[in-house]
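The numbers here are math on the coordinates, done by the rules we state, and not lab data. Predicted, not measured: the structure shown is a model, and the values here were computed from it. Don't worry about glycine lacking a Cβ; one is built from the backbone with ideal geometry, like all the others, and counts go over all protein chains shown.
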Amino acid sequence: MKVTLTAIKADVGSIGGHLKPSLPLLQEIERTVAEKGEGLIIDHALTYTGDDIAILMSHERGLDDPSVHKLAWDAFIAGTKVAKHQGLYGAGQDLLKDAFSGNAKGLGPAVAEMEFEERENEPFLLFTADKTEPGAYNLPLYLAFADPMYNAGLILSPAVGKGFKFTVMDVDHIEGDRVIELCTPEEAYDLVTLLRDNGRFVIESIHSRHNGEIAVSSCTTRLRNIAGKYVGKDDPIMLVRTQKSFPATGEVLAPFQIAHLVSGFMRGSHTGPLMPVRARTGVSFFDGPPIVSCLAFSIHDGILSKPVDAFDHPFWDWVREKASRKARDIREQGFSGPAMLGYHDLEYVGITERMNRLEKRFRVRDMDEV
Ligand code: F6R
Ligand code: MG
Ligand code: MG
């Protein structure tokens, strides 16, 4: 059967700062999706990572379905009421518009969606990250889909070895969706030229060149483009189908052992390592570090299996220690150099205001003064 997976996430409030949502908030969202989703969606699952709640829904209504998007929107609105009642911090933070207008994209919540003919065995992964940005997935996706050092299937499996088509979006372009399609292996260097710039170029989707099937759908939202100012980082969500003509689940997970440095640590304005954590982990050190969790599902006739928590394994304890060390190392230099983001990616207005004041006090020395 043809099934659609719609994953929508938003931060609508959290306890004690931007740490994690409360149980009553989660329960209200769960209750709303279960009640209003009856007869609309086939199945759903709820998770959170840091202060972001993700709703995964399976259905037969196709991409960008207004009723399915509205279901998630209504659930977040209902959750916001609870968050306000409890005095949670940032209640309703990611719901940037007052009214729903047909699609959750562009209203604040992050969306990843894919439609496909279910295979006989259909495994897929739901990634959710906090205190970072959509481009944080660029490197792990490139390594999992295009680098034989991480994806043994590229040389072992003829289907995987056909390579992949990457669709990349220029998220700085706000007048419309500016996208490019690049195929690996032939255009790998061109692809990497874009993907090095996580703040601007973001992988939107990946398709198999063996059968044209969709493998990856990732969100490309930039909240500041919607709101016109800082309202929190973009905390990305992503769906990845695995096995057979796609990378194996383990090949998709493997690059996360790098705990690579990404943007989004403290006030969305610092660099920090992306730590793979168990689902339903909050944040702590310096409002971070940036975290990513991954739930692995199987789906049949639209019914979701109970998920497996992909980073809940002793191997990842070692990676978490490494990420903590990397976080401490970069934090040792505070505001200096690459520890803090460049002007273009800085959130808040403090530095710009100070710079504007200081600019006026600079003077160019006359040569005869020297
Ligand atoms: C939010 C985040 C935090 C906040 C910081 C200050 O997702 O990353 O680091 O930016 O806690 O928050 P405000 O300005 O709301 O006090
Ligand atoms: Mg937040
Ligand atoms: Mg968040």
Give me the net charge for the shell around residue 182: Cβ to Cβ below 11 angstrom, other residues only, Lys and Arg +1, Asp and Glu -1. -3
DSSP beta bridge pairing in the chain, given as percent antiparallel to the nearest 5: 95
Cleavage-rule hits (GluC sites (Glu not before Pro)) in the stretch 106-149: DSSP loop, at most 14 neighbouring Cβ within 10 angstrom: 118, 120
Pairs of Cα atoms under 8 Å, at least six residues apart: use those to get the relative contact order of the chain, whole percent. 19
Between rounded, prolate and oblate, where does the stretch 160-283 land on the alpha carbon gyration tensor, with a ≥ b ≥ c its root eigenvalues, rounded for a/c under 1.5, else prolate if a/b exceeds b/c? oblate
Name the shape class, rounded, prolate or oblate, that the alpha-carbon gyration tensor gives for the chain, where a ≥ b ≥ c are the square roots of its eigenvalues, rounded holds for a/c under 1.5, and otherwise prolate holds if a/b is larger than b/c and oblate otherwise. oblate
Show me 6-15, 56-65, 271-280 ranked by packing, highest mean number of other Cβ atoms within 10 Å first. 6-15, 271-280, 56-65
Taking just the C-alpha trace of the stretch 1-114, give me its Rg and Dmax in Å. 13.2, 44
Rounded to whole Hz, the Karplus (6.51, -1.76, 1.60) HN-Hα couplings of the stretch 333-345, x for glycine and proline: 9, x, 8, 7, x, x, 5, 10, 6, x, 3, 4, 9
If every Lys and Arg gets +1 and every Asp and Glu gets -1 at its Cβ, then about the Cα centre the stretch 1-114 yields a dipole, in debye to the nearest 20, of 140
How large is ³J(HN,Hα) for each residue in the stretch 208-220, as worked out from phi by the Karplus curve 6.51 cos²θ - 1.76 cosθ + 1.60 (θ = phi - 60°), to whole Hz, x for Gly and Pro? 6, 8, 7, 9, x, 5, 6, 10, 9, 10, 10, 7, 10
From phi via Karplus (6.51, -1.76, 1.60), per-residue ³J(HN,Hα) for the stretch 311-325 in Hz, x at Gly/Pro: 9, 9, 7, x, 3, 6, 5, 5, 5, 5, 5, 4, 5, 4, 5
